[in-house]
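The values are calculated or read from the model by the stated rules, or taken from the named source; none is laboratory data. Bear in mind that the values here come from a model prediction, so they are computed numbers and not experimental data. Cβ coordinates were reconstructed from backbone atoms using ideal geometry, including for glycine residues, and neighbour counts include every protein chain displayed. What goes into the accessible areas is simple: the full protein's heavy atoms, side chains included, and nothing from ligands, DNA or RNA. Shrake-Rupley method; radii C 1.70, N 1.55, O 1.52, S 1.80 Å.
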Amino acid sequence: MSGRKTMGRASPILLIILSLGVFFATYNLLTMIFDHRSLGKWAPVDTDGALSFDPIIEMPENVRKPKNAKLLFHVALTATDAPYNKWQCRIMYFWYKKQKDLPRSEMGGFTRILHSGNPDNLMDEIPTVVVDPLPAGMDRGYIVLNRPWAFVQWLEKATIEEEYILMAEPDHIFVKPLPNLGHGGYPAAFPFFYIKPDQHEKIIRKFYPGPVKNVDPIGNSPVIIKKDLLEKIAPTWMNVSLRMKDDPETDKTFGWVLEMYGYAVASALHGVQHILRKDFMLQPPWDLEIGKKFIIHYTYGCDYNLKGELTYGKIGEWRFDKRSHLRGPPPRNLSLPPPGVPESVVTLVKMVNEATANIPNWDTQ
């Protein structure tokens, strides 16, 4: 069965969203400033919802999930039709299918939100919804600005059976079955070490009138969030990101992570606090072991000499870097790292190899 779903032209929605600019300035002034971190008694929760220790922010006791409850989430990733993006999506979807029905998984359906405006050759392989990109020139070469606009369109048009949504990215690999780490009004997110709202208070203050500590150190992915919360946040996320891009100081300071700050600020504007889970994801080569983590994020290049020593910043005698394959997919059966390279990198390459060995017509662009 084809996974093809194509959105109609959504320009009326865009006009509505953009018209929120005037409202947004007023909204900033009227937003009630709550310190929503004062939540009373906390109880820790582990990766399957049972009580344990949470790495950063513990679960409010009154929203604990019953141990045997199953709360499915829909996996959604935004993507382009570039060859570089396509091969990552194919690997990501392969491992989603492998992990989806295993014990402890609460993974539901899957959608690739393709914001190129036109169908591509993966429509029958990966369940896909086609949405429009931003109008020409609006992203100013920062393609990631299309992400919040893509979610706005998808949430407006699509029928999503699950109550929760996981916002994921093409360069994510599910290393084990993923349970629902979010609970009720508390989405789950991964804390990024380079998202530091408290170090940019002057800039954050341009877009958010409340306490800067209310702005979580996150991006939009990975995040597991209730669908109705995301429906509220997404238009604000889009507007905040566009306003940040329009502000030269903000654009220069935040650079390629600007849209991540946009999501964090938009969430704070809606009074949404995320449970910060370090076990959500690992990022080779900096994270050395898989441990109890659920997703490998292979955004960084992995460069090593033949002694197994990291040579980050210098092309290694052995390397795996997704950016080495901008024009097409990597070959099958990549060479494994030399002895001494961390488990995280070895596992990444083995999982890429397993996927490419089993995906038909792998060399197709």
Among the candidates 306, 269, single out the residue that is among the hydrophobic types (A, V, I, L, M, F, W, C), more than 21 Å from residue 178 (Cβ to Cβ), modelled with pLDDT of 95 or more and open to solvent by 20 Å² or more (accessible area, probe 1.4 Å). 306
Which condition number in (1) within 16 Å of residue 171 (Cα to Cα); (2) in contact with a Pro (Cβ under 9 Å, 6 or more places away or on another chain); (3) of a type outside the set (Phe, Trp, Tyr) is the one that residue 288 fails? (1)
Evaluate the following for residue 218: is it assigned to a loop (DSSP other than H, G, I, E, B), of a type in the set (A, V, I, L, M, F, W, C) and open to solvent by 10 Å² or more (accessible area, probe 1.4 Å)? no
Number of positions in the stretch 243-254 that are open to solvent by less than 20 Å² (accessible area, probe 1.4 Å) and over 14 Å from residue 194 (Cβ atoms): 2
Output the qualifying pairs, or none if there are none: Cβ atoms under 7 angstrom, residues six or more apart or on different chains, first residue in the stretch 309-326 and over 17 Å from residue 342 (Cα atoms), second residue in a loop (DSSP other than H, G, I, E, B) and open to solvent by less than 70 Å² (accessible area, probe 1.4 Å). 322/171; 322/298; 323/301
Per the list (1) surrounded by fewer than 19 Cβ atoms within 10 Å (Cβ to Cβ); (2) hydrophobic (A, V, I, L, M, F, W, C); (3) out of contact with any Phe, Trp or Tyr (no Cβ under 7 Å at 6 or more places or on another chain), residue check on residue 257 breaks on (3)
Can you tell which of 142, 164 is touching a strand residue (DSSP E or B) at 6+ places or on another chain (Cβ under 6 Å) and of a type in the set (Ser, Thr, Tyr)? 164
In the stretch 134-163, residues that are open to solvent by 10 Å² or more (accessible area, probe 1.4 Å), of a type outside the set (Asp, Glu) and under 17 Å from residue 111 (Cα atoms) total 7
Filtering the stretch 322-346 down to residues that are in contact with a strand residue (DSSP E or B) (Cβ under 7 Å, 6 or more places away or on another chain) and of a type in the set (Val, Ile, Thr), which residue is most open to solvent (accessible area, probe 1.4 Å)? 341
Filter the stretch 244-274 down to the residues that are under 18 Å from residue 221 (Cβ atoms) and free of Cβ contacts under 8 Å to residues at least 12 places away in the same chain and list them by number. 255
Condition (residue is more than 19 Å from residue 139 (Cβ to Cβ), touching a helix residue (DSSP H, G or I) at 6+ places or on another chain (Cβ under 6 Å), modelled with pLDDT of 95 or more and not acidic (Asp, Glu)) applied to the stretch 246-260: is it met by at least one residue? no
